[in-house]
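The values are calculated or read from the model by the stated rules, or taken from the named source; none is laboratory data. In this text the structure is predicted, and so the values were computed from the model without any measurement. As a convention, Cβ positions derive from the backbone with ideal geometry for all residues, glycine included, and neighbour counts pool all protein chains shown. When the accessible area is computed, the model is the full protein with side chains, heavy atoms only, and any ligands, DNA or RNA have been set aside. Shrake-Rupley method; radii C 1.70, N 1.55, O 1.52, S 1.80 Å.
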Amino acid sequence: MAAQLRAALRRGRALAALAVAAAGGLLAAATLGSGPAGAAGGTLHDLAEAKGRYFGTALTQSNLSNSTLTAVAGAQFDMVTPGNEMKWDTTQPSATTFNFGPGDQIVSFAKAHSMRVRGHTLVWHSQLPSWVGSLPAAQVQAAMENHVATQATHYKGQVYSWDVVNEPFNEDGSLRTSAFYNAMGSGYIADALRTARAADPSAKLYLNDYNIEGVNAKSDAMYQLVSSLKSQGVPIDGVGLESHFIVGQIPSTMKANIQRFAALGLDVAVTELDDRMQVPASAANLAQQATDYATVIANCLAVSGCVGISQWGVGDADSWIPGAFGGYGAATMYDDNYQPKASYRSAVTALGGTAGSPSPSSSPSSSSSPSTPPTGSGCRVSTQINAWATGLTENVTVSNTGGSAVNGWSVKFTLPGGQTVTSAWNAAVSPAGGQVTATDLAYNAAIPAGGSTGFGFNANHTGNPAAATGFSLNGVACTVG
Ligand code: XIL
């Protein structure tokens with residue numbers, strides 16, 4: 001499709017999403033990208049499309065009823081991977097029952113927002129109903145082919161790609177044992193690919209795995225496998241690098257690894273990006289995460305065969321990480337309130353956008369600390385509250401009473417017990433209760449000496465609608481009044 005046509009389509013959809021968000025009053029400018037809210041080219045998908053890439057997210061059925069989440073998803077991303085809804089345990093819970101309802105809902109959301117869909121996944125050892133594992137070996141191939149053919153036919157023409165086989169390898173590069181491998185040996189992979197191609201000739205067919213982002217034994221095995229499949233004429237279009245990273249551990253060989261797969265004539269996609277850290281998150285780890293997101297994006301943009309990047313989830317609140325890796329979280333670009341984090345701003349910058357102030361290296365959290373306040377710093381805060389039975393609106397004005405301009409700010413304060421922030425404007429505010437931090441949104445990063453800036457939030461309360469206390473600006477205590 002002509003690039004201009006697609007770009008126009010996306011622009012139209014982005015404007016519609018903005019209008020819906022504005023009408024719903026749901027969304028702080030924070031969720032609408034960088035710079036002036038809604039500025040052309042400001043969202044992840046606009047910027048990615050300008051580079052000939054997509055920027056996707058994973059969505060589950062339950063995510064669709066969270067209007068804050070879906071507003072961000074619809075505004076920022078142009079590709080959706082169903083988080084669970086196209087896995088075998090959902091789509092064919094018994095030998096004679098197919099259930100495409102949940103997956104269809106994800107596809108409908110994607111269509112309504114002009115997003116494409118990465119189908120995930122047809123053949124996987126996990127989230128596989130027990131009836132498959134209980135089949136006599138002689139019946140497994142027919143069951144697998146029936147599953148692949150039925151599901152790929154149901155979604156024919158509606159998915160951009162299929163992760164045909166998911167996670168086929170062990171860490172040492174040997175093929176993982178599974179119902180499929182045990183019954184058919186390594187040939188199950190070619191068989192699944194051929195069956196998928198026959199059912200939906202226009203879907204890109206992928207093999208997808210984790211820990212194959214850098215050059216190592218496992219990615220070597222994937223490289224050997226896809227080389228061999230291609231040389232045999234088996235239909236294979238791409239390799240998915242899941243990219244479930246830990247902060248500070250992006251493999252240095254990631255770009256070279258993408259390059260070698262692309263050199264085989266294959267597409268490469270970053271399919272499930274997240275970057276976890278121990279929680280509660282430290283400022284240093286959040287800054288490292290921003291660096292990591294930029295690195296991953298740069299690695300993809302550097303290779304023309306790298307077609308796109310998908311994050312696994314929209315924000316920290318819906319991420320699978322806390323449930324899968326005890327003690328870890330904060331792995332995405334949006335915090336628990338769907339406010340953009342430093343990693344979002346660095347992603348925008350890495351995609352060629354202009355959200356870079358404060359940049360990861362000059363963010364308040366990394367450039368200043370309570371023990372080393374900038375010389376001549378000082379601040380005064382005034383608050384204004386409108387409360388009702390169970391909620392309140394609080395507007396905060398922060399004046400820079402120091403002798404030099406502030407460029408990038410982080411305002412910390414304490415909410416009275418029982419108050420929980422539900423939305424915010426002119427700042428990214430998190431966490432929702434207790435000791436919270438409000439961070440600038442790039443476009444309002446600068447507060448001149450003698451100048452002021454304002455932000456606000458809505459909160460629920462349980463009987464104490466008093467104003468927040470204990471304000472500090474970039475680690476320097478503020479006077480109130
Ligand atoms: C995860 C989902 O996000 C969870 O909700 C589910 O409980 C387990 O699976 N690799 C994959 C994804 O290919 O399908 C997995 O998704 C995450 C790891």
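With an 8 Å Cα cut-off and a minimum separation of 6 or more residues, compute the relative contact order for the stretch 29-350 in percent.
Once divided by the residue count of the stretch 29-350, the mean separation gives 16 percent.
How much accessible area per residue does the stretch 29-350 have, counting only protein heavy atoms and a probe of 1.4 Å, in square angstrom?
Value for the stretch 29-350: 33 Å² per residue.
Would you calculate the separation in nanometres between label points at Q139 and N395, each defined as 7 Å from the Cα along the Cα-to-beta-carbon direction?
6.9 nm
Mind checking the per residue accessible area of the stretch 379-480 for me, 1.4 Å probe, whole number of Å²?
39 Å²
Nothing charged except the Cβ atoms of Lys and Arg (+1) and of Asp and Glu (-1): what's the magnitude of the dipole of the chain about its Cα centre? Round to the nearest 20 debye.
For the chain, the charge dipole is close to 880 debye.
Quickly work out the S108-to-W388 label distance, labels modelled 7 Å from Cα along the C-beta direction, and quote it in nm with one decimal.
Between W388 and S108, the label points sit 3.1 nm apart.
Pull out the extension gain between S67 and Q232, defined as 0.36 nm times the separation in residues minus the alpha carbon to alpha carbon distance; nm, one decimal.
Contour length minus Cα-Cα distance gives 54.7 nm.
Between A95 and N170, what length in nm is gained on full extension when 0.36 nm per residue of separation is reduced by their alpha carbon distance?
So the extension gain works out to 24.2 nm.
On a full-extension model of 0.36 nm per residue, what is the gain between A263 and S304, subtracting their alpha-carbon distance, rounded to one decimal in nm?
13.8 nm
Would the stretch 38-95 count as rounded, prolate or oblate if I go by the C-alpha gyration tensor, calling it rounded below 1.5 in a/c and otherwise prolate when a/b exceeds b/c, oblate otherwise?
Note, shape of the stretch 38-95 comes out oblate.
In whole percent, and with a 1.4 Å probe on the protein chains, what portion of the accessible area of the chain is carbon and sulfur?
54 percent
Beyond 14 Å, how much of the Cα-Cα pair distribution for the stretch 378-428 remains, as a whole percent?
62 percent
Which aspartates and glutamates does K230 reach when only Cα atoms under 13 Å apart count, and residues fewer than 8 places away in its own chain are ignored?
D267
With the Cα gyration tensor of the chain in hand, convert its eigenvalues to equivalent ellipsoid semi-axes via √(5λ) and list them largest first in whole Å.
Taking √(5λ) for each Cα gyration eigenvalue gives 44, 23, 20 Å.
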